[in-house]
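Remarks on the structure that follows.
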Amino acid sequence: MQPIAAASQAPTHGSHGPPLLEVSGLTKYFPVDRPRLGRPPGSRSQSVVHAVDGVSFAIQAGEVLGLVGESGCGKSTVGRLILRLLEPTSGEIRFEGHNLLEADRRELFAVRRRMQVIFQDPYSSLNPRMRIGDVLEEPLLIHGIGASKSDRRRRVTELLAQVGLDESAASKYPHEFSGGQRQRIGIARALALRPAFIVADEPVSSLDVSIQAQIINLLEELQSAYHLSLLFIAHDLHMVRHVSDRVAVMYLGRIVELAETETLFTRPAHPYTQALLAAAPVPEPPQPGAPAKEPFLLEGDPPSPIDLPTGCRFYSRCPKRIPACQREDPPLIELAPGHQAACILIK
């Protein structure tokens, strides 16, 4: 695998080596048919949903990049595009020096050993007809790992132990486990092939709050132990702050701010990031005498990803907007080393 240089739009994080994963200009449009008002019955026009629109970033080996934003902004779609579970409309995805969009089926099969996913819903991501031992053994069989069934079963036992489950779990079915236990199994399956990179797509959002911390702690331990790189997709800003080295904020298909975690949480530059942080619930009551949290209210709903507005996509909801915002579509610009934002007010 040949090393590659980082794209200017996708700065790396505290490393002199090439990024493990590099995404450049990633785009995904979904065509949709809409009835045409005033036309004969059955007459329709075709439009597109701009689900992901020119996303660029890089992830170093061993780094955790948090990806946050409102529901429908394109976070999960980005994860699926990287894994080629969805086919991009355009752009480039490089993993360990390979352009995944130019890889044929054989090459992609080999790369998949190094890239895995933890799905959001542990109830639907496990086959209810398969025992857990078979679920964890399946990727080993597909990729020809293990000289014999006993070798593969030893690996299954190791995986269960790594996620805090007893080896007796191998003989049970998914319905015999709680939600938190099922997600531990999903994590074990993601680790089965010893990947270098994992997309964690809201891995705890469907779990009880009491279980979420356990799963996050487990992910942190495994990430540190195996030097994993993670794309951590989530809604919970406090959780993202806890686990991420850097954070990218998405709005309506685009990244509007990207920075190291503490920089983004203490010095947010984009008005949308400021609004997200202001809306996050405070886990503890403020101390006596502490300054009150300044409200930062947004107006209305996000525009339709089918009929995008001109200029800045955040214009209609931004409390800081000026007339020029409706005319100019700002690109990501470098505010400081490693800190980018897309807003004409902070040039």
* Can you tell me the relative contact order of the chain? Whole percent, Cα pairs under 8 Å, sequence separation 6 or more. => 18 percent
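Quick one: pull the percentage of alpha-carbon pairs in the range 44-106 with a separation above 20 Å. Don't jump to the answer; show the numbers that get you there.
Details: 685 of 1953 pairs.
Tail fraction, whole percent: 35.
For the range 136-213, just say rounded, prolate or oblate: build the C-alpha gyration tensor, square-root its eigenvalues into a ≥ b ≥ c, call rounded for a/c under 1.5, and beyond that prolate if a/b exceeds b/c, oblate if not. Let's see the in-between values first.
Details: a/c = 2.48, a/b = 1.52, b/c = 1.63.
Because a/c hits 1.5 or more and a/b fails to exceed b/c, the range 136-213 counts as oblate.
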* **the chain: antiparallel DSSP beta bridges as a percent of all, rounded to 5** => 65 percent
* Structure fact -> Which of VAL32, VAL111, VAL48 fluctuates most in a GNM of the chain (C-alpha springs under 10 Å)? That residue is VAL32
* Once the principal axes of the Cα atoms of the chain are found, what is the range along each, listed largest first in whole angstroms? -> 69, 65, 47
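What is the total of Lys pairs in the chain with C-alpha atoms under 22 Å apart, excluding same-chain pairs fewer than 8 positions apart? All intermediate terms of the calculation are to be shown ahead of the outcome.
Numbers: LYS28/LYS75; LYS149/LYS172; LYS293/LYS320; LYS320/LYS347.
The number of close lysine pairs in the chain is 4.
Report, in deg cm²/dmol and to the nearest 500, the calculated mean residue ellipticity at 222 nm for the chain, where each DSSP H run with n ≥ 4 adds -39500 (n - 2.57) and the sum is divided by the residue count.
Details: 9 runs with 93 residues, N = 347.
Theoretical 222 nm ellipticity from helices: -8000 deg cm²/dmol.
How fast does the range 69-200 diffuse by Stokes-Einstein, in µm²/s, taking the Kirkwood radius from C-alpha pairs at 4 °C and 1.567 mPa s?
Numbers: Rh = 16.0 Å.
Once the numbers are plugged in, D ends up at 81 µm²/s.
Send over the per residue convex hull volume for the range 172-330, Cα only, as a whole number of Å³.
On the way: hull volume 26.9 nm³, N = 159.
Looking at the range 172-330, the number lands at 169 Å³ per residue.
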* the range 117-201: which trypsin sites (Lys or Arg not before Pro) are DSSP loop and have at most 10 other beta-carbon atoms within 10 angstrom? -> ARG129
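If you average 1/r over every pair of different alpha-carbon atoms in the range 169-229 and take one over that average, what Kirkwood value in Å do you get?
12.3 Å
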* To do: Excluding MET239 itself, calculate the net charge of residues whose Cβ lies under 13 Å from the Cβ of MET239, where each Lys or Arg counts +1 and each Asp or Glu counts -1.
  => -2
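None of the figures in this text is laboratory data; all of them are computed from the coordinates on show. Source: prediction; values computed, not measured. Positions of Cβ are backbone-derived with ideal geometry, glycine not excepted, and every protein chain shown enters the neighbour counts.
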